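Everything on this sheet refers to the single structure shown next.
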Amino acid sequence: MLFWLLALLILCGFLWNYKRQLKITNITDKYIFITGCDTGFGNLAARTFDKKGFHVIAACLTESGSTALKAETSERLHTVLLDVTDPENVKRAAQWVKNQVGEKGLWGLINNAGILGVLAPNDWLTVEDYREPVEVNLFGLISVTLNMLPLVKKARGRIVNVSSIGGRLAFGGGGYSPSKYAVEGFNDSLRRDMKAFGVHVACIEPGLFKTNLSDPEKAAEKKLAIWKHLSPDIKQQYGESYIKKSLEKLKGTASFVNMDLSQVVECMDHALTSIFPKTRYAAGKDAKTFWIPLSHMPAVLQDFLLLKQKVELANPKAV
């Protein structure tokens with residue numbers, strides 16, 4: 001009996017692996033639109049999918065990013081300047097994309113554009129410190145999605161939303177994690193709404209990767225700038241040693257980040273080209289072995305492990 005059970009499990013594993021490897025055909029007649037292509041995941045994705053034969057429309061925030069990307073890719077790839085927080089800019093871009101794709105529609109929409117914002121204790125911050133990450137990471141993503149959605153529905157295509165492990169566990173104060181938690185909620189509701197239209201919606205949850213977004217030097221600079229303008233009572237509670245040690249910890253994270261950005265692009269590729277795409281993708285060793293498993297654990301364990309990494313305050317009772 002045990003032998004047959006083991007044989008059945010092996011067969012199921014083989015069929016599951018085979019199912020995941022089945023790919024769509026006719027890639028060369030499909031259009032995909034990617035946001036945030038100046039650098040990082042979006043830039044690598046645009047170059048990768050261009051090489052595969054897709055018609056790539058890459059949205060860049062800057063003219064320099066657009067120029068550099070076009071110099072490295074084929075004539076199939078087109079760029080468009082896009083600020084996802086500007087509603088009129090998004091509408092114009094959507095109309096331009098509509099003219100490009102025609103009756104074929106848009107096979108793939110990859111919402112990749114995002115920013116980190118300020119990472120600092122919540123009691124250091126104002127509402128304005130939360131606003132920019134939420135505007136870019138959440139409302140920008142929603143704006144692009146809603147404007148491109150008719151084109152994706154026409155193609156019965158795919159939507160890929162790049163979230164973060166910060167959308168599963170809040171690893172620091174500021175607007176980044178709240179924005180990514182909200183992206184997860186939007187992604188889930190959109191996925192269920194689009195099933196009737198034959199549109200598949202997937203979410204990618206990368207761990208910590210070496211990109212401009214996660215540059216520890218820049219994060220440390222922003223945190224220090226906030227510290228310098230704090231009230232004396234907050235500084236007394238945290239202490240001068242706190243800011244020094246916390247900045248050292250931030251800079252020390254550089255040794256723990258994933259260097260290979262292609263791990264995220266491979267998830268994008270599977271979400272766009274697999275006949276049976278997944279609903280969620282974890283990218284990066286830290287995401288798969290620590291962050292995602294921890295997100296399923298009891299809150300008391302999450303707090304214990306994450307608080308162990310915090311720098312001790314000088315005098316939290318000085319209120």
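Return a whole-number percent for the relative contact order of the chain, with Cα pairs under 8 Å and 6 or more residues apart as the contact set.
It comes to 18 percent, rounded to a whole number.
At q = 0.11 Å⁻¹, what log₁₀ I(q)/I(0) does a Debye calculation on the Cα points of the range 197-319 give, no solvent, two decimals?
Log-scaled intensity ratios, in q order: -0.56.
In whole percent, how big is the carbon plus sulfur part of the accessible area of the chain, probe 1.4 Å, protein atoms only?
The C+S portion of the solvent-accessible surface of the chain is 59 percent.
Could you estimate the translational diffusion coefficient of the range 58-178 from the Stokes-Einstein equation, with Rh from the Kirkwood formula over C-alpha pairs, at 4 °C and 1.567 mPa s, in whole µm²/s?
Working: Rh = 15.8 Å.
Reported coefficient: 82 µm²/s.
Might you work out the accessible area of Val127 for me, using a 1.4 Å probe with all protein chains in place, and round it to the nearest 10 Å²?
Counting only protein heavy atoms, Val127 exposes about 100 Å² to solvent.
Near Ser74, within a Cβ-to-Cβ distance under 9 Å, what is the net charge of the other residues, with Lys and Arg +1 and Asp and Glu -1?
Around Ser74, the charge tally is 0.
Can you give me the long-range amide H partners of Val80? Hydrogens built in the peptide plane at 1.01 Å from N, cutoff under 5 Å, separation of 5 or more residues or another chain.
Ala58, Ala59, Cys60
Using only the alpha-carbon atoms, how far is helix 240-252 inclined from the longest principal axis of the chain? Give it as 0 to 90 degrees, nearest 10.
The two axes meet at around 30 degrees.
What's the whole-number percent of alpha carbon pairs in the range 178-238 lying beyond 16 angstrom?
So the portion of pairs separated by more than 16 Å is 68 percent.
What list of ³J(HN,Hα) couplings, whole Hz, do you get for the range 142-151 from phi and the Karplus terms 6.51, -1.76, 1.60, once you set θ to phi - 60° and write x for glycine and proline?
5, 4, 4, 4, 5, 6, 8, 4, x, 6
If you put +1 on each Lys and Arg Cβ and -1 on each Asp and Glu Cβ, how big is the dipole of the chain around its Cα centre, in Debye rounded to 20?
960 debye
Along the Cα→Cβ direction, 7 angstrom out, place labels at Asp188 and Thr279. What is the inter-label distance in nm?
0.9 nm
Quick one: order Glu75, Glu240 from most to least accessible surface, probe 1.4 Å. Write out the running numbers ahead of the final one.
Numbers: Glu75 175, Glu240 120 Å².
Largest accessible area first, the residues go Glu75, Glu240.
So what is the accessible area of the chain per residue, in Å², with the probe set to 1.4 Å?
Ligands and nucleic acids excluded, the result is 52 Å² per residue.
Quick one: of Lys70/Lys228; Lys30/Lys251; Lys223/Lys308; Lys70/Lys195, which pairs are farther than 32 Å apart, Cα to Cα?
Table pairs above 32 Å Cα-Cα are Lys70/Lys228; Lys30/Lys251; Lys70/Lys195.
What is the spin-label model distance, in nm, from Leu9 to Phe197 if the labels are put 7 Å beyond Cα along the C-beta direction?
4.2 nm
Taking a quarter of the surface of the convex hull around the Cα atoms of the range 66-126, what do you get in nm²?
Projected area, direction-averaged: 6.7 nm².
Which length gain, in nm to one decimal place, applies between Glu240 and Phe256 when the Cα-Cα distance is subtracted from 0.36 nm times their residue separation? Show your work: numbers first, answer last.
Values: separation 16, 0.36 × 16 = 5.76 nm, distance 2.59 nm.
Additional length available on full extension: 3.2 nm.
Roughly how compact is the chain, stated as its Cα Rg over 2.2 N^0.38 Å to two decimals?
The reported ratio for this selection is 1.09.
After finding the eigenvalues of the alpha carbon gyration tensor for the range 158-209, what semi-axes result from the square roots of 5 times each, listed largest first in whole Å?
Equivalent ellipsoid semi-axes, largest first: 24, 11, 6 Å.
Given the C-alpha centroids of the range 227-304 and the range 103-144, what is the distance between them in whole angstrom?
About 16 Å separates the Cα centre of the range 227-304 from the one of the range 103-144.
Once a ≥ b ≥ c are taken as the square roots of the eigenvalues of the Cα gyration tensor of the range 100-155, is the result rounded (a/c under 1.5), prolate (a/b larger than b/c) or oblate (a/b not larger than b/c)?
Note, shape of the range 100-155 comes out prolate.
The values are calculated or read from the model by the stated rules, or taken from the named source; none is laboratory data. Computed from a prediction, not measured in an experiment: that's the story for all the values here. Glycine gets a Cβ as well: all are built from the backbone with ideal geometry, and neighbour counts include every protein chain shown. Areas reflect the complete protein model, heavy atoms only, side chains present, ligands, DNA and RNA absent. Shrake-Rupley method; radii C 1.70, N 1.55, O 1.52, S 1.80 Å.
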